[in-house]
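Just below is one structure, and these are the notes that go with it.
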């Protein structure tokens, strides 16, 4: 009898244990592996091209007569290329850049009080060497300022084709001027190696004394004549950069179970 009771108790235990085991949750499989997104960095170098609109102004002062000689402005296409390098630390980016843009701008105005004498001022190219400081407002968007040196090639003309006791005459001069530039813009990296930007720049060259050389049928009208020229240059550019040496690889990720 005792043996029968013991056997019944063991059987009941096995049945209850099986029911409890059926209620336990099944073991979970490990989570699927997920790679971290790329870490965008502006550290590296770039080379690219730009194009846009440039405009300049010129003010002339007659050094011989100690009087203003009028002013003019001109605007048109400007474009060229740039090369630079950047280094990012935290959200700040520090870099250097060189830019060269060609243009063909020529303004002209009549000498005040004259109906025939025309002063002309032209710009053929502009180069800048600048430092750059930027702040990353989004991983792939950089707001920046840049400033430094600027050089430009300029030409001057003073023509009066009328016939009088002091004309006709035709005067010319050319020079490379050195000044300063400041500007800023927004650059966006839309792939690992390509970025685009929009930028405004101002370059000022101060006043420079310029002596023009003249030709004239009457040698008395062919003597050199001096003006003081004050000019500046502004531009609004869009551009494209190819970036290399740019760390955009994801960091190592350990799978978690």
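Using the Stokes-Einstein relation with a Kirkwood hydrodynamic radius computed over Cα pairs, the translational diffusion coefficient of the stretch 44-244 at 20 °C and a viscosity of 1.002 mPa s comes to 115 µm²/s. By the beta-carbon count within 10 Å of each Cβ, the least crowded to most crowded order of 205, 77, 94, fewest first, is 77, 94, 205.
For 177, 132, the sequence from fewest to most other C-beta atoms within 10 Å is 177, 132.
In this label model, residue 77 and residue 108 are separated by 2.1 nm, measuring between points 7 Å along each Cα→Cβ vector. A Förster radius of 41 Å, combined with the Cβ-Cβ distance separating residue 236 from residue 192, puts the computed FRET efficiency at roughly 0.90.
What whole number of Å gives the distance from the Cα centroid of the stretch 170-210 to the Cα centroid of the stretch 113-129? First find each Cα centre; the distance between them is then 18 Å. Would you mind getting me the FRET efficiency between residue 213 and residue 53? Use the beta-carbon distance for r and R0 = 35 Å, nearest 0.05. After rounding to 0.05, the efficiency reads 0.60. Ordered by the count of other Cβ atoms within 10 Å of each Cβ, fewest first, 187, 151, 64 give 64, 151, 187. Modelled this way, with points 7 Å down the Cα-to-C-beta line, the labels at residue 162 and residue 174 are 3.0 nm from one another.
FYI, it's all coordinate maths here, none of it is from the lab. All values derive from a computational prediction rather than experimental measurement. Please note: Cβ atoms are built from the backbone with ideal geometry, for glycine as well, and neighbour counts cover all protein chains shown.
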